[in-house]
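Below you'll find the structure, written out as structure tokens, and then a few comments.
Read-outs: derived from the displayed coordinates by stated rules, not from any lab. Only a predicted model underlies this, so the values are computations on that prediction, with no experimental measurement involved. Backbone-built Cβ (ideal geometry, glycine too); neighbour counts: all protein chains shown.
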Amino acid sequence: MKTLYIDCGMGAAGDMLTAALLELVPDRDGFIARLNGIWDKSLKNVRTVTERTEKCGITGTGVHVLVDGRIRESGDASLIDEINQNGYERFQK
């Protein structure tokens, strides 16, 4: 068993942390399928998708959370506001 310590003293963005940890998973598609399975049980119109990216010759993984098919940007509080106003039922099919 291996242990990974993460020091998040300054915080960590969920999409970036997920993308970094996804690089360590041998079955990336299976992991994302399981993650989307969690969404299926609570927020049915939410999906996590990945993409391979390249910037300045360095490749990596980008992770996006889609709500109603749209990418929610980091710091987008409108989803939280909408849930607070309308409850979770709006996000369940």
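Just a few scattered comments:
- Here's the picture: charge each Lys and Arg Cβ at +1 and each Asp and Glu Cβ at -1 in the stretch 1-78, and of Met1, Trp39, Val63 the one pushed furthest to the positive end of that dipole is Trp39.
- In range of the label at Arg70: residues from the stretch 44-61 whose backbone nitrogen is under 14 Å from the point 7 Å along Cα→Cβ: 46
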